[in-house]
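Q: Here's a structure for you.
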Amino acid sequence: MNIYQLRIRLADEAALCALTLLLSTAAFAQAPFYQGKTLTIIQGTEAGGSSDMMTKAMLTHLKKHIPGEPTIVSEYMPGGGGIKAANHLFKNVRPDGLTIGRVGGGLVANAVLGEKGVLYDLNKLIYLGSPHSTYHWVFITRREAGLKNLDALRSAPGIRVGAQAVGHSNYFVGRLFSYLIGFKEPKFVVGYSGTELDLALVRGEIDGRINNADTLLSRNADLLAKGALDIHAIMEVPKGLKQAGFERVPEIEEFAKSDRERKLLAMIRTFRQIGTPSILPPGTPREQVKILREATAKMFSDPDFHRDYKKLVGEEPTPLLGEEMERAVKELPRDSEIVELFKKLNAADPLPAR
């Protein structure tokens, strides 16, 4: 081989090496961001609760819809009704798209109500969505109490309204309905579990209670069939979403007399509609936010996710997308007088005057 041939061969080999390097670099550049990575979901609850079941239903299906299918692991960080996990995500987590927070509905309520220890800013968090966003509360009484209509509710003194504990949602909503409908010096009896409230109603220990419409239809179908219960009012979340079988029941906003009371209801609906949100820390790159929002949206429309969610959680998912959640948080009423009214209704004191 002469010098000329050797030069040509070396040039060819150099060109081949350059092409190989270019192709490998291009292939590497095109690899999905999440390929080979681990995505951590931090839950603001203990293991085994309903929120944990929701997360378990999501894990496999979220992975499937993220390009690169990363390994997804779940960690638990209970404390302060989700405040500890939300603070950690907001202040300590590196915003690289590799950590998602899953905090209960208290995420929004705790911040708006100014609960002690909240260090995060709702407006700076990045929202991916929630698997559930609808709810229907109904106020019921036992037929034997003789409270067959709204006039009877307003005229009977000392109606006993049962609940689980001061501050529990069925305690607060029970007081909200009593306040807006106009009960006369109602008494709020706490210390029951959800199923114990049903028994207390049957035994006559309490006269009425708040319940979820779906739960009422499934768990108390026999009492409804016997005509042992009277249904007086319903609260729709979101407003306007009708519950089958309850279309003629008055919606709670019909009893609101002022703009302040209507804003209170809007606040409460948003608290509930937010559900159990998945969130990212401020500063997460737009590309990772886009990937995770799209994956979450695809998961929510996946029939396999719906099947597993119903199996683990016991109900159909009613998803709220990240963009919708972000808009709901921005539009949420936060007036100080509304917050103060909420706190009075959630306290153990007598109902405030209207």
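Q: Tell me, what is the percent relative contact order of region 21-114, built from C-alpha pairs under 8 Å that lie six or more residues apart?
A: The normalised contact order for region 21-114 reaches 37 percent.
Q: Can I ask one more? With the Cα gyration tensor of region 100-246 giving a ≥ b ≥ c as the square roots of its eigenvalues, does the rule (a/c under 1.5 for rounded; else a/b larger than b/c for prolate; else oblate) give rounded, prolate or oblate?
A: Because a/c hits 1.5 or more and a/b exceeds b/c, region 100-246 counts as prolate.
Q: Just how large is the dipole of region 89-175 about the Cα centre, in debye to the nearest 20, putting +1 at every Lys and Arg Cβ and -1 at every Asp and Glu Cβ? Show your work: numbers first, answer last.
A: On the way: 11 positive and 5 negative charges, 41 e Å.
Dipole about the Cα centre, nearest 20: 200 debye.
Q: On full extension of the chain, what length is gained from K257 through A31, given 0.36 nm per residue of separation minus the C-alpha to C-alpha distance?
A: Details: separation 226, 0.36 × 226 = 81.36 nm, distance 5.87 nm.
Result for the pair: 75.5 nm of gain on full extension.
Q: Still on this structure: Where Rh denotes the Kirkwood radius from the mean inverse Cα pair distance, what is Rg over Rh for the chain?
A: Reported Rg/Rh, Kirkwood definition of Rh: 1.16.
Q: Over region 238-321, what relative contact order in percent results from Cα pairs under 8 Å that are six or more residues apart?
A: In percent, rounded to a whole number, it is 22.
Q: Turning to a different aspect of this structure: Between E247 and N123, what is the label-point separation in nm under the 7 Å Cα-to-beta-carbon projection?
A: The two pseudo-label positions are separated by 4.2 nm.
Q: Given a 1.4 Å probe and the protein chains all in place, what does the accessible area of D259 round to, in Å² to the nearest 10?
A: Rounded to the nearest 10, that gives 90 Å².
Q: Here's a follow-up. Divide the volume of the convex hull of the Cα atoms of region 312-354 by its number of residues and quote the answer in cubic angstrom per residue.
A: Numbers: hull volume 6.3 nm³, N = 43.
Enclosed volume per residue, from the Cα hull, is 147 Å³.
Q: Rounded, prolate or oblate, given the Cα gyration tensor of region 279-330, with a/c below 1.5 counting as rounded?
A: prolate
Q: In Å, what Kirkwood hydrodynamic radius results for region 68-118 from the alpha-carbon pair distances?
A: 12.0
Q: Also, quick follow-up: What does DSSP give for the chain in terms of the percent of beta bridges that are antiparallel, rounded to the nearest 5?
A: 55
Q: At a probe radius of 1.4 Å, what is the per-residue accessible area of F246, in Å² to the nearest 10?
A: 10
Q: Here's another thing I want to ask about it. With a cut-off of 8 Å between alpha carbons and a minimum separation of six or more residues, what is the relative contact order of the chain in percent? Could you put the intermediate results ahead of the total?
A: Values: 587 pairs, mean separation 86.8, N = 354.
Result for the chain is 25 percent.
Q: If you place +1 on the Cβ of every Lys and Arg, -1 on the Cβ of every Asp and Glu, and leave all else neutral, what size is the dipole of the chain about its Cα centre, to the nearest 20 Debye?
A: 300
Q: Can you check what the net charge comes to around A348, using other residues whose Cβ is under 14 Å from the Cβ of A348 (Lys, Arg +1; Asp, Glu -1)?
A: +3
Q: Any chance you could get the radius of gyration and Dmax over the Cα atoms of region 46-155, in Å?
A: Just the Cα atoms of region 46-155 yield Rg and Dmax of 19.6, 64 Å.
Q: Among E46, E253, what's the order by accessible area (1.4 angstrom probe), most exposed first?
A: Of E46, E253, the descending order of accessible area is E46, E253.
Q: Helix-only estimate, please: 222 nm mean residue ellipticity of the chain, summing -39500 (n - 2.57) across DSSP H runs of length 4 or more and dividing by its residues, to the nearest 500. Kindly include the intermediate steps, with their values, before the conclusion.
A: Details: 14 runs with 163 residues, N = 354.
Mean residue ellipticity, 222 nm, calculated: -14000 deg cm²/dmol.
Q: Tell me which of G283, F342, I206 sits at the most positive position along the dipole axis of the chain, charges placed on C-beta atoms (Lys, Arg +1; Asp, Glu -1).
A: Checked the options; the winner is F342.
Q: If you put +1 on each Lys and Arg Cβ and -1 on each Asp and Glu Cβ, how big is the dipole of region 232-354 around its Cα centre, in Debye rounded to 20?
A: Here the size comes out at about 140 debye.
Q: Shape verdict for region 213-318, please, from the Cα gyration tensor: rounded (a/c under 1.5), prolate (a/b greater than b/c) or oblate. Numbers along the way, then the final one.
A: On the way: a/c = 3.46, a/b = 1.46, b/c = 2.37.
Judged from the Cα gyration tensor, region 213-318 comes out oblate (a/c at least 1.5, b/c at or above a/b).
Q: Of L176, H232, I159, which is farthest on the positive side of the dipole of region 113-233, counting Cα position, with +1 on Lys and Arg Cβ, -1 on Asp and Glu Cβ, and the Cα centre as origin?
A: I159
The values are calculated or read from the model by the stated rules, or taken from the named source; none is laboratory data. Since the structure is predicted, the reported quantities are computational estimates derived from the model, not experimental observations. Neighbour counts run over all protein chains shown; Cβ positions are idealised from the backbone, glycine included. When the accessible area is computed, the model is the full protein with side chains, heavy atoms only, and any ligands, DNA or RNA have been set aside. Shrake-Rupley method; radii C 1.70, N 1.55, O 1.52, S 1.80 Å.
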